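Following: one structure in structure tokens, then a few remarks.
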Amino acid sequence: MEKIKIERPTIEDVEEMNQFFRLVVVDTFAQEGLAGLQDNIEAEIETKKKYLSMDLNSNGEDRYFLIAKRDEGIVGCIDYGTANELILSSTDGEFEDIVEVGTVFVHPEYRRQGIANKLLYAMYKILREKGKDEFCLDSGYTIAQQVWKKKFGDPDYLLKDYWSEGFHHMIWRVRLRDLVNGE
Ligand SMILES: CC(C)(COP(=O)(O)OP(=O)(O)OC[C@H]1O[C@@H](n2cnc3c(N)ncnc32)[C@H](O)[C@@H]1OP(=O)(O)O)[C@@H](O)C(=O)NCCC(=O)NCCS
């Protein structure tokens, strides 16, 4: 397989990243049968755009992204930062001092080739270097929930029917030392 580079974003990546957020969010809502939720789709894209500008404006202090690139362009991303409102409000402050890993997005045409794992492993390394020994992550998307359950086991918090009947929200607390071979 062609080499994938994992890099920190620069100002030059913003336009392509914003298009990439839209591509992945629109596709994911469609896959979940939620293509009609226009307001939620736009809100999700705006949040991701804001996170990226927080990263660039703070040099990675307020939010920290990694992006995966192939010759043809951006194929994935991941970030970490303060846990989002939904995590904080539904866990009674447990995650106030624990960072959230999120925006794990892989281009629909490049899935199941290990790109998300590559981004996760790179992020674990960064988190360790920054002295963090755990993180949390959450998801309301049913497909991603299968991925995270496979990787991290049952969620620590299950917000049953949070989005609507049968659409739960899940939150995991992950200790880096518990990951097999550090991955
Ligand atoms: C979730 C997502 C990031 C996975 O990306 P990916 O590059 O296809 O994942 P990888 O190929 O690295 O696989 C990671 C693991 O998930 C498993 N996996 C991947 N897709 C899966 C699926 N559809 N169902 C079940 N398991 C799956 C792989 O087998 C692998 O398991 P392993 O680590 O035990 O070997 C990607 O599907 C995506 O971008 N989804 C849309 C956006 C999204 O929902 N992001 C998460 C937000 S919380």
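Taking K49 as the anchor, which aspartates and glutamates have their alpha carbon closer than 15 Å to its alpha carbon, excluding any fewer than eight residues away along the same chain?
Once the sequence-local aspartates and glutamates are set aside, what remains near K49 is E12, D13, E15, E16, D62, D79.
Dipole of the chain, Cα-centred, from +1 at each Lys and Arg C-beta and -1 at each Asp and Glu C-beta, to the nearest 20 debye? Walk me through the numbers before you get to the answer.
Working: 24 positive and 35 negative charges, 169 e Å.
Computed about the Cα centre, the dipole is about 820 debye.
Report, largest value first, the span of the C-alpha coordinates of segment 1-81 along each principal axis, in whole Å.
On the principal axes, segment 1-81 reaches 34, 34, 19 Å in Cα extent.
Over the C-alpha atoms of the chain, what are the Rg and the largest Cα-to-Cα span, Dmax, in Å?
Radius of gyration, then largest Cα-Cα span, for the chain: 15.7, 45 Å.
Express the relative contact order of the chain as a whole percentage, based on alpha carbon pairs under 8 Å and six or more residues apart in sequence. Could you put the intermediate results ahead of the total?
Working: 250 pairs, mean separation 31.9, N = 183.
RCO, the chain: 17 percent.
Accessible area of segment 37-183 with a 1.4 Å probe: how many percent of it is carbon plus sulfur? Mind showing how you got there, number by number?
Details: 3390 of 7780 Å².
On segment 37-183, the fraction of accessible area on carbon and sulfur atoms equals 44 percent.
Can you grab the distance from the C-alpha centre of segment 140-170 to the C-alpha centre of segment 1-61, Å, no decimals?
With segment 140-170 and segment 1-61 each reduced to a Cα centre, they are spaced 21 Å.
State in Å² the accessible area per residue of segment 5-137; use a 1.4 Å probe, count heavy atoms of protein chains only, and round to the nearest integer. Write out the running numbers ahead of the final one.
Values: 6680 Å² over 133 residues.
Roughly 50 Å² per residue, with all protein chains present.
Report, ordered by chain and residue number, the lysines lying within cross-link reach of K160, taken as a straight Cα distance under 24 Å and ignoring same-chain residues fewer than 8 apart.
K149, K150, K151
The values are calculated or read from the model by the stated rules, or taken from the named source; none is laboratory data. Treat the numbers as computed from the prediction; the structure is a model and nothing was measured. Please note: Cβ atoms are built from the backbone with ideal geometry, for glycine as well, and neighbour counts cover all protein chains shown. To get the accessible areas, we keep the full protein, side chains included, count just its heavy atoms, and leave off ligands, DNA and RNA. Shrake-Rupley method; radii C 1.70, N 1.55, O 1.52, S 1.80 Å.
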